[in-house]
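One structure below.
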Amino acid sequence: MEKHNDHNLGFGLGLRTDHFEEVLQGQPDVDWFEVISENFMVGGGKPLYYLQAIREQYPIVMHGVSMSLGSTDPLDMDYLKRLKHLVDEVKPSWISDHLCWSQLGGINSHDLLPMPYTEEALHHIVSNIRQAQDFLGQQMLIENVSSYISYSESAMTEWEFYSAVVEEADCLMLLDINNIYVSARNHHFDAERYLKGINPKRVRQMHLAGHSDYGDYIIDTHDHPVVDSVWQLYAKAIERFGPVSTMIERDDDIPALDELIAELDQARAISARVLAGEKKAGVAHG
């Protein structure tokens, strides 16, 4: 199984159809792009044409939303075959999916549902991740999801469960900073404690996104700019993990590309400021 070396791609964006032509023709100041795998798991067509053309100009990573690694249903081998075909065509820098389940009895909820944090669930999802990695022939990145419910059966914290999963499955982390903030607000835990519970050597990518704040709870909607409190948590993440490939996710109410690049420049500036301060202080990362 191929293992990814420590490799920081820099600062990227989620590639969305609104911006296909502008990216292809304008070659904006973005280091790399992330695509939603399922949007391109088709035989030909305009989206795949654009992806292949943009792939010639930028590194691409593939992000899945349908593997349902935590489901008690068997892994969908037809899905994995189609995914592997796309991986072979695109040759992404890496591929990722989520620490969740989304289907049961063959019915897809189209939601990324959180796992119960139990030993049984841990061993189950580890087995599925190993199976998927073996089939795909490479390590995967697994992303933490935002959550709005908790299970009475849970016997450990989310970060303890997440950390145990990646160690036992020998996979890597796609750490979503906004999702940590959302879940911390909803479940009343310390987001910085979450960061401190994560092994820096396992973190390969970070997501930043906006959310909708309803006061008593917040929802990860990806339709707003990143808020100040998430930027502050991102700075803490850079302090702990060092330079990590970082991208902005925007899936609804998508603004002009220049606006997203300006937001990405905020991430560049925060990362540069934190790393410059640590260099001056002589801080090293594990």
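Side notes on the structure shown:
- Based on Cα contacts under 8 Å between residues 6+ apart, the chain shows a relative contact order of 17 percent.
- In the range 119-194 the Cα-Cα distances spread across 10 Å bins starting at 0 as 18, 48, 29, 5 percent of all pairs.
- Test item: Cα-centred dipole of the chain, Lys/Arg +1 and Asp/Glu -1 on Cβ, debye: 920
- The computed Kirkwood radius over Cα pairs in Å for the structure shown corresponds, within (i) 19.3; (ii) 23.1; (iii) 18.8, to (i).
- Cα centroid of the range 214-283 to Cα centroid of the range 15-54, whole Å: 23
- Ordered by the number of other Cβ atoms lying within 10 Å of each residue's own Cβ, fewest first, H124, H285 fall into the sequence H285, H124.
- Pairs from the table (K91/K196; K201/K279; K84/K196; K201/K236) lying more than 23 angstrom apart at Cα are K91/K196; K84/K196.
- Only Cα pairs under 8 Å and 6+ residues apart enter the sum, and on that basis the relative contact order of the range 165-286 stands at 25 percent.
- Helix-derived mean residue ellipticity, 222 nm - over the chain, DSSP H n ≥ 4, -39500 (n - 2.57), to 500: -13000 deg cm²/dmol
- Most to least packed among 205-213, 270-278 [average Cβ atoms within 10 Å]: 205-213, 270-278
- Average silhouette area of the range 148-286, convex hull of alpha-carbon atoms, in square nanometres: 9.2
- Hz values of 3J(HN,Hα) by residue in the range 13-25 - Karplus curve (6.51, -1.76, 1.60), Gly and Pro given as x: 10, x, 7, 10, 4, 4, 10, 3, 5, 5, 5, 5, 8
- Sorted fewest first by neighbouring Cβ atoms within 10 angstrom, C100, C171 come out as C100, C171.
- ³J(HN,Hα) computed for each position of the range 146-152 - Karplus, 6.51 cos²θ - 1.76 cosθ + 1.60, integer Hz, glycine/proline x: 6, 9, 10, 9, 10, 9, 5
- For S96, residues with placed amide H under 5 Å, excluding near neighbours: M62, H63, G64, L141
- Approximate spin-label separation Q131-H224, in nm, with each point projected 7 Å along Cα-to-Cβ: 3.9
- Top of M173, M247, M77 by mean-square fluctuation, Gaussian network on the chain, Cα under 10 Å: M77
- Cα shape, the range 1-79, gyration tensor, a/c 1.5 rule: oblate
None of the figures in this text is laboratory data; all of them are computed from the coordinates on show. Predicted, not measured: the structure shown is a model, and the values here were computed from it. Cβ: placed from backbone, ideal geometry, glycine included. Neighbour counts: every protein chain shown.
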